[in-house]
Every structure is written in structure tokens, then in C-alpha cells.
1. Length gain on complete extension for the stretch LEU232 to ASP250, per 0.36 nm per residue less the alpha carbon to alpha carbon distance?
2. Output the peptides 43-56, 132-145, 60-73 sorted from most to least packed, where packing is the average of other Cβ atoms within 10 Å over each peptide's residues.
3. When the chain is fully extended, how far beyond the present Cα-Cα distance does SER107 get from THR67, taking 0.36 nm per residue of separation?
4. Work out, step by step, the length gained on full extension between GLU206 and GLU288: first 0.36 nm times the residue separation, then minus their alpha carbon distance; give nm to one decimal.
5. Is it possible to state the helix-based mean residue ellipticity at 222 nm for the chain, with each DSSP H run of 4+ residues giving -39500 (n - 2.57), the sum divided by total residues, to the nearest 500 deg cm²/dmol? What is it?
6. What is the packing order of peptides 151-163, 241-253, taking the mean over residues of other C-beta atoms within 10 Å and listing the highest first?
7. Once you compute Rg and the Kirkwood Rh from C-alpha atoms, what is the Rg to Rh ratio for the chain?
8. From the C-alpha coordinates alone, can you work out the Kirkwood hydrodynamic radius of the range 22-172, in Å?
Amino acid sequence: MRAYRFGIHSVLALLLCLGAAGQVWADAFEQVAGDAREAALGGNLVAAAEGANMILANPALLGELATAEIKVTRHDLFGLGLLLQDTFGFVYPWPILGLGVAYNRLSTNNLGFIDYSEHSFFFSAGTRIGQDFDVGMTTKFLYVDFEEPASGWGTILGANYRPIPNLNVAFSLDNLVQGGANWITRQRDQLPRKVSLGVNGKWLQEQLFTSVSVDHSLEASVQPQFHGGAELRLFENLLDVRGGFYNIEDNWNLTFGLGVNYAGVKLEYAFMPHYELGNAHIFSLAIEL
């Protein structure tokens, strides 16, 4: 009986994750953290993303990019072994702008009764305007491989302002400009639109980072989502200790994570619980070039 109940729970969880496919199929990906650092800090780093995560969180921050980086992330959604997310990102600083490309795959994990996958390709650029303002844009091309395939495109528009040193005030607009999702059946859906606003501060000689943000969906009847987190860098940045929180409607969750940095290689881990479905363990590996 126990195994039976777990099986039913797993199927229901998978249907919940993929429920967006029949309405706005990209929802399942849009709600997923981009890397382990973001997950550990509460799930949204619109003002505090670093490296390759800037592509998904806020492309304007690419205007601050100083080092090229490759990052890969593996995420077993909710720890159920049903859906896997794999992300690859590369960013490179040019003299006047930062550039980035990324690929994300969200797919079922060798399930016999359903075969579903989403593929997302991202192309980003961000630049600094003056000394205190950054702007950027990510264009994303999306494809879903399911019983009825679909494709589409969307954008992430971002801006970042530094009113004082070591303080970022940033926002991003997801899918305000878009081509929608076009199904093979000729049905067309609008990709989910979202506005994110965040503040990030660096304290104690940039050894302590604090970040808060809010997401507001432009779709009807969706409550705002709040995120917050702190990161402490120890032993001359060898070890990062992270913690955060986020909400899903009226349910609040705490997050935790660690990062180890040595000789330009970063190994990151995050524990991100869900109030109902399960606990996720997220791993990222980044290499500075």
C-alpha cells in the first residue's frame, strides 16, 4: 500500500509540473531556479546574479561582467526523479558589453508512460551606460517535444542601477516582447509575462551579500512571489554559505546552500524544499576562463 501511494503521489506531482503544457507550456521552466546559487538564495537573483546565471536572471548585469565563465547545472525537480533540468551557460566580457549563450533542457526521466521535453536556447547581451546604469536583453527560442510539438520565442529585458557603491537596484521584464508559443495544431498561446524587482547589497568588504526581490505575474489571479537570501564568503572566498526563503502563494519555504571556490573552479550545492511535492538538491559546476 505504501509503494502504491508513493506511485500515485509521483504521478500527481508530474501532472502538476507538466500541467502548464496544456495551457502555457513554458510555465514549468519559467518557475525553475537557474543554478544552485540562485536556488540557495531563495530563487530569484534579478539584482544579484553572477556569471552565467545573468543570462536567465537579468541580462543587464552582463554589463558588470569581468571574467568569462562556463557553468553547468543539474536539477532533479522536487527530488522525485520524475523531471530533470540540465542547464549549460557561457558568458564572455567584451570591452563594451558582456555576451552570453545558454541551453536548458527540461525532460521526463525515462518514464514509460510519458515522454516530454522542453528545449530552450538563450542569447544575451548587456552593457553599461555611464558609470551607474546597465541595460541588457536575452532572446530565448523555445521548443517542446510532446504529443503535439510547439515552438516559440520570448525575451528578458533587464536594467540595473547603482545609487551608491556596492548596492544594486534592478528589474527585469519577462516575455513582454514575444512571439508566443505556436502548436502544431495551429493553436497559439502567450508565454507567461512577469516583472521582477530586486535589491542587492554587498557589505563587510564584500564578504556579505544580501538580496531581496519580488516577482509579479502579469497574468490574472497569480499572487506575487517574494524571495530573499544572504551569502557569507569565508576563508578568502574559498567557502560560501548561503540561505534564503521564498513563497508559493501562502506557503513559505527556507533554502540553504554551499559553494566551494578554488583556482577558478566553483562547485555549488543547494537544498530547495517545496511545501508539498518534495525536496530538491541542485548542483552547479562553474569554471572561470
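What follows is calculated from the coordinates using simple rules that are stated; it is not laboratory data. These numbers come from a predicted model, not from an experiment. Cβ coordinates were reconstructed from backbone atoms using ideal geometry, including for glycine residues, and neighbour counts include every protein chain displayed.
1. Extending this stretch completely gives an extra 3.6 nm.
2. 43-56, 60-73, 132-145
3. Once the chain is fully extended between SER107 and THR67, it gains 11.3 nm.
4. So the chain would gain 27.6 nm between GLU206 and GLU288.
5. Calculated at 222 nm, the ellipticity per residue is -2500 deg cm²/dmol.
6. Highest to lowest by the protection proxy: 151-163, 241-253.
7. 0.96
8. Across the range 22-172, the inverse of the average 1/r is 16.0 Å.
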